[in-house]
Amino acid sequence: MTNTLYDALIAPHAQSDAPFLTLDDGSVQSFAGFVERVAQIAHVLTHQGVVAGDRVVVHAPKLADTIALYGACVQAGAVYLPLNSAYTESELAYFIQDAAPSLIVCDAKGEASLNGISDNATPVLTLAADGTGTLSKEANEQSKTFMTVAREPEDLAALLYTSGTTGRSKGAMMSHKNLLSNAQSLTDLWQITEADRLIHALPIFHTHGLFVAMNTSLLAGAQVRFMSAFDLGAIIDEIPESTMLMGVPTFYTRLLGDARLDQALVRNMRLFVSGSAPLLAETHTTFEDRTGHRILERYGMTETNMITSNPFDGERLAGTVGYALPGTQVEITNDGAPVKPGEIGMIEVRGDNVFQGYWNMPEKTAEEMRDNGFFITGDLGVKTEDGRITIVGRQKDLIISGGYNIYPKEVEDVINDIDGVVESAVFGVPHADFGESILAAVVSENDSLDQDALASRVEPHLAQFKHPRRYIITKALPRNTMGKVQKNLLRDEYGA
Ligand code: MCA
Ligand code: AMP
């Protein structure tokens, strides 16, 4: 019996007493301990009626048991569906209705509202920030071995929601092969081995922290210093004992803001990786001046996993995202036809890393996936003769704040629903810490709709990172002759 991901990422560690996760309190879970915990939680899933192909929604804190729950879904053949812990009740309601999970695991605080959202139809287990809750309680009573459920490479392992330009989030269906092939490429390319120790300070509900960081560590048998949240001081403290850091650009600008970052501190570090948002060339060069390390920038997307990477051994060029990963094809196109090197076009990608389509949305899948298997990323790029790729912009209307994606349409929909609002435009402006920050220009026919009134009506509906930092009340939005709102003019006017 085979299970593609389990056999590659988890089963090989069953007899290993080597340390896997080191937690904030200094406690250490060995690889063998992790394998046993995965089995215990897999039993809990089965007892709750979860069968192969069922979705398990996870809206839980970042804990060792949350990673074990991911492993348990893999072992039990279920589909892991992680959700940003900052999501509000109305955001959660959409995902639960769309994915129709067989089980929900949430923080103790969310139990009542998630029970309400699902009309008590879906079982809810809890996993609190201190590790207690019904999931862990039930798991503690289970056997430490579990009969792995067979899964083929094409079977689904995870469903990750990604917001869309239409405002409705789409569930990206990731197969065992999608995830494993990408983990293999990255592990080889970045030469990750069991001698590594990764500082993990990313959230684990996105591709970056879950798949790029955890799948590669499991595949290589690397140690992970698993931080429950981003904490600059803790990262500085851990750097001398570690070899790798994976982060969004904000991690690096914050590190540069700390006087303790110098060559002596990073003497044992082997690799600093950045992704999820553009790394400013200035950050890249300042980081090299301070530490002697050239940050390795890579590029990816939820639907595709990682697409390109700067080389490990070759030149890591600031402002570029490097070359297509082995096994991944990248084309720069105009209307689907490849353009010449040096010309700007749409970045399209094909390979085992590319997802299986959007959950329950075949028409959206067809819009973004060509018949020849190329996925249209919505990012604009340019390629050199030898294949090095630079991202020059985005065709999709997207703001990336501290590595979190915000689709303006989703926020505009909430603002436009407020009585008295005529229309709105949400746009990103440069921000020193988060890269981009979010503003909203609002046309209103109600004079009492000021900054505070708008914020108080928008905020209950959206996770905090999507909240506009400022509302600009205006008489009209700038439009071109086609009637399209010119967000570039808003950015120019309010960027400073
Ligand atoms: C926190 N806040 C934010 C953000 N993070 N606001 C806007 N954008 C954000 N990214 C809010 C907080 O709620 C808080 O609000 C205030 O801003 C300041 O919080 P702070 O303490 O500075 O934030 P933090 O907890 O230190 O978080 C910053 C962070 C975090 C560590 C950069 O945002 C983060 O972990 N980002 C990584 C996201 C990620 O993993 N992206 C990968 C997506 P208040 O002051 O009002 O309380 S996967 C992907 O993109 C693809 C596939 C890829 O290529 O990887
Ligand atoms: P997500 O929808 O969360 O999967 O975010 C994917 C998007 O993040 C991509 O389509 C890019 O626009 C952006 N992105 C990821 N990595 C990079 C990078 N290294 N440089 C610029 N943009 C990036």
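The values are calculated or read from the model by the stated rules, or taken from the named source; none is laboratory data. Every value quoted in this text rests on a predicted model; they were computed, and no experiment measured them. Reconstructed Cβ throughout: ideal geometry from the backbone, glycine too, with neighbour counts over all protein chains shown.
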Original post:
What are the pairs, 6+ residues apart or on separate chains, where a residue within region 185-205 that is touching a residue at least 24 places away in the same chain (Cβ under 8 Å) and more than 23 Å from Thr66 (Cβ to Cβ) has its Cβ under 6 Å from a residue that is outside any loop (DSSP other than H, G, I, E, B) and of a type outside the set (A, V, I, L, M, F, W, C)?
Top reply: Leu189/Ser309
Original post:
Taking Gly292, is it within 23 Å of the chain's Cα centre (by Cα), loosely packed, with under 15 Cβ neighbours inside 10 Å and on the phi > 0 side of the Ramachandran plot?
Top reply: no
Original post:
Within region 217-245, how many residues turn out to be within 21 Å of Asp65 (Cβ to Cβ), of a type in the set (Ser, Thr, Tyr) and either within 13 Å of ligand 1 (Cβ to nearest atom) or in a loop (DSSP other than H, G, I, E, B) (or both)?
Top reply: 1
**OP:** Determine whether Asp335 is away from ligand 2 (no atom under 14 Å from the Cβ), surrounded by fewer than 19 Cβ atoms within 10 Å (Cβ to Cβ) and within 22 Å of the chain's Cα centre (by Cα).
**Re:** no
**OP:** Could you tell me which of the residues Lys396, Lys340, Lys364 is within 15 Å of ligand 2 (Cβ to nearest atom) and either touching a Phe, Trp or Tyr at 6+ places or on another chain (Cβ under 7 Å) or free of Cβ contacts under 8 Å to residues at least 12 places away in the same chain (or both)?
**Re:** Lys364
**OP:** Name the one entry in Leu439, Leu398 that is at pLDDT below 95, buried (at least 16 other Cβ atoms within 10 Å of the Cβ) and either within 26 Å of Glu315 (Cα to Cα) or among the aliphatic types (A, V, I, L, M) (or both).
**Re:** Leu398
Original post:
Quick one: Ala281 ticks every box in (1) hydrophobic (A, V, I, L, M, F, W, C); (2) in contact (Cβ under 8 Å) with a residue 60 or more places away in the chain; (3) more than 10 Å from ligand 2 (Cβ to nearest atom) bar one, so which box is it?
Top reply: (2)
Original post:
Would you pick out the residues in region 277-302 that are touching a strand residue (DSSP E or B) at 6+ places or on another chain (Cβ under 7 Å) and either among the basic types (Lys, Arg) or farther than 16 Å from Gly381 by Cβ (or both)?
Top reply: His293, Ile295, Leu296, Arg298, Thr302
Original post:
Any residue at all in region 225-235 that is away from ligand 2 (no atom under 16 Å from the Cβ), surrounded by 21 or more Cβ atoms within 10 Å (Cβ to Cβ) and not hydrophobic (A, V, I, L, M, F, W, C)?
Top reply: yes
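Here's the yes/no breakdown for (1) closer than 21 Å to Asp65 by Cβ; (2) surrounded by 20 or more Cβ atoms within 10 Å (Cβ to Cβ); (3) touching a helix residue (DSSP H, G or I) at 6+ places or on another chain (Cβ under 6 Å):
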position: Ala93; (1), (2), (3): no, no, yes
position: Gln97; (1), (2), (3): no, no, no
position: Pro101; (1), (2), (3): yes, yes, no
position: Ala108; (1), (2), (3): yes, no, no
position: Asp119; (1), (2), (3): no, no, no
position: Val124; (1), (2), (3): yes, yes, yes
position: Ala129; (1), (2), (3): yes, no, no
position: Thr132; (1), (2), (3): yes, no, no
position: Leu135; (1), (2), (3): yes, yes, no
Subject >> Selection count where residues are within 16 Å of ligand 1 (Cβ to nearest atom) and in contact with an Asp or Glu (Cβ under 7 Å, 6 or more places away or on another chain), scope region 377-401 >> reply: 6
